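Structure record follows, encoded as structure tokens.
The values are calculated or read from the model by the stated rules, or taken from the named source; none is laboratory data. Keep in mind the model is a prediction, meaning the values are calculated, not measured. Cβ sites come from the backbone with ideal geometry, for glycine too, and all protein chains shown count toward neighbours. To get the accessible areas, we keep the full protein, side chains included, count just its heavy atoms, and leave off ligands, DNA and RNA. Shrake-Rupley method; radii C 1.70, N 1.55, O 1.52, S 1.80 Å.
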Amino acid sequence: MRFRVRHFTKAALVLGFGLACAASAAPGKGDAAKGAALAAQSCSSCHGPDGNSAVAAFPKLAGQQEQYLAREMKDFKEGRRESEVMAPFLVSLNDQDLADLAAFYAKQKPAAAKGGDAALIKAGKKLYLEGNSKSGVPSCDGCHEEDGTGSKKFPRVAGQHVDYILEQMRLYAAGKRKNGVKVMLTVAERLTEQETRAVSEYMASME
Ligand code: HEC
Ligand code: HEC
């Protein structure tokens, strides 16, 4: 009985945290200057000094949506988004630190995107804007915006590394990234390998 009560409390706490997080993630609360100092100390070795990571397995954070960043960091820290690589760098940070980091990265200028395979990019653009009605894949622009910049909880995908995107699509399809919206699981499951590759190349090519 005690066990059950504790579980219920934990669920209530998690729900409470979710709501508090949504509220505290409102833009403007983080201090970008403090975030810059933290980033230089613990994050820049992988994500680059200004969030434009040079390594394709490490996501670019420059210009990413502030609200999205704050939530993903909190989810890594608390284990809802699993990553053995990321979590250790966040455990000692508090909510204000995370807000400061989110403010810093959101303000950085994304580096110019590199072009890829023209034929794949063309096919990927069509899929991004129209989806695939035959297999029930929605278009991506409705949530990630036509130019890929995202908004609030919808992440920027423009200019992201292809390798990072492919890995995330694999995690979604395998049910291993499940802290967010269900639609991403559906999208990842229904896209063919070729479509996934094409839409990833297109997102990476967007400025
Ligand atoms: C050792 C390399 C490394 C370090 C250091 C590191 N990260 Fe990461 N980061 C990663 C990897 C790898 C991922 C992708 C994890 C996954 O597979 O989901 C990631 C993902 C992220 C994401 C999710 C991005 C997205 O688009 O969803 C955020 C936000 C992030 N890191 C912030 C930070 C912050 C803030 C720090 C410093 C406190 C930091 N990282 C330190 C390697 C690193
Ligand atoms: C109904 C809204 C919605 C639609 C439609 C949608 N997405 Fe997403 N997507 C999200 C949200 C919200 C996230 C944030 C993470 C999460 O919830 O898991 C996300 C995350 C992502 C990510 C991971 C970004 C990162 O930095 O880790 C990629 C890649 C992505 N979406 C690609 C796509 C593609 C490609 C399509 C179209 C085929 C698409 N999305 C359609 C809402 C959507």
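Summary table below
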| quantity | calculated |
| --- | --- |
| Failed criterion for P88 (all others in (1) within 15 Å of ligand 1 (Cβ to nearest atom); (2) within 30 Å of E195 (Cβ to Cβ) hold) | (2) |
| So Y164, is it buried (at least 20 other Cβ atoms within 10 Å of the Cβ) and part of a helix (DSSP H, G or I) | no |
| Residue list for region 119-129, restricted to those being more than 10 Å from M203 (Cα to Cα) and open to solvent by 80 Å² or more (accessible area, probe 1.4 Å) | K122, K126 |
| Verdict on V181 being within 21 Å of M86 (Cα to Cα), without any contact (Cβ under 8 Å) to a residue 60 or more places away in the chain, surrounded by fewer than 18 Cβ atoms within 10 Å (Cβ to Cβ) and within 12 Å of ligand 2 (Cβ to nearest atom) | yes |
| E189 more than 9 Å from ligand 2 (Cβ to nearest atom), more than 20 Å from Q67 (Cα to Cα) and surrounded by fewer than 19 Cβ atoms within 10 Å (Cβ to Cβ) | yes |
| Positions within region 130-152 being away from ligand 1 (no atom under 16 Å from the Cβ) and open to solvent by 60 Å² or more (accessible area, probe 1.4 Å), in sequence order | E130, S133, K134, G142, E146, D147 |
| Residues satisfying the stated conditions in region 40-71, i.e. within 10 Å of ligand 2 (Cβ to nearest atom), in contact (Cβ under 8 Å) with a residue 60 or more places away in the chain and closer than 16 Å to A103 by Cα | K60, Q64, Q65, Y68, R71 |
| Among (1) at pLDDT 95 or above; (2) part of a loop (DSSP other than H, G, I, E, B), the one test that L171 misses | (2) |
| Filter result for V162 (within 30 Å of K29 (Cβ to Cβ), within 15 Å of ligand 1 (Cβ to nearest atom) and at pLDDT 95 or above) | no |
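Matching residues to (1) hydrophobic (A, V, I, L, M, F, W, C); (2) within 20 Å of E82 (Cβ to Cβ); (3) in contact (Cβ under 8 Å) with a residue 24 or more places away in the chain:
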site	(1), (2), (3)
T149	no, no, yes
K153	no, yes, yes
V162	yes, no, yes
L166	yes, yes, yes
M169	yes, yes, yes
K176	no, yes, yes
L185	yes, yes, no
A188	yes, yes, no
E201	no, no, yes
